[in-house]
Amino acid sequence: MEKEKTYQDKLKKLNPKKAIEQSRKYFSEKAYGEKLRDYSSRIGTKVVYYSLLLYYAFKSPATPKKAKLTIAGALGYLILPVDLIPDFIPAVGFADDSAVIIYAVYQVLSHIDDEVKGQAKARLKKLFGDAVNLDELEDPTEKRDNSDNE
């Protein structure tokens, strides 16, 4: 239990913006593909989908260089061999990676178009097959309407 508290403390101290800036140099398409292939079932569908959104936005010629630098940093952090919280730790190992990926998606949201979403969903389907329902994926580009819940 003490270790879990330590991990939670580390996660609270995580600065996604700083992590992204420091991790740009670690991004490569090959390393990203290998990490995704090897860890996709442990990372989880949502984080894999969001990382694929980032990847295809990075590949898009319409995405400006500044956004691509943010994306490269976030994906670099995902493939970084040394994390704030090591990836091999069950349940919390990818918490820091998830936080960085989600932060980056919201930073480059305006560059995630329907083509990028389509490419990400197609790749997700290849990775997870029938285990993923594409219709149930949370679309970060759609604003949530919480008025129905009141």
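Test Asp139 against the criterion of being at pLDDT below 85 and under 14 Å from Leu53 (Cβ atoms), and give yes or no.
Details: at pLDDT below 85: yes; under 14 Å from Leu53 (Cβ atoms): yes.
So Asp139 fits the description; yes.
Out of Lys66, Lys25, Lys30, Lys46, I need the residue that is modelled with pLDDT of 85 or more, closer than 25 Å to Glu136 by Cβ, surrounded by fewer than 19 Cβ atoms within 10 Å (Cβ to Cβ) and among the charged types (D, E, K, R). Which one?
Sole residue among the options that is modelled with pLDDT of 85 or more, closer than 25 Å to Glu136 by Cβ, surrounded by fewer than 19 Cβ atoms within 10 Å (Cβ to Cβ) and among the charged types (D, E, K, R): Lys46.
The values are calculated or read from the model by the stated rules, or taken from the named source; none is laboratory data. The model shown is predicted, which means the values in this text are computed figures rather than measured ones. FYI the Cβ positions are ideal-geometry reconstructions off the backbone, even for glycines, and counts take in every protein chain you see.
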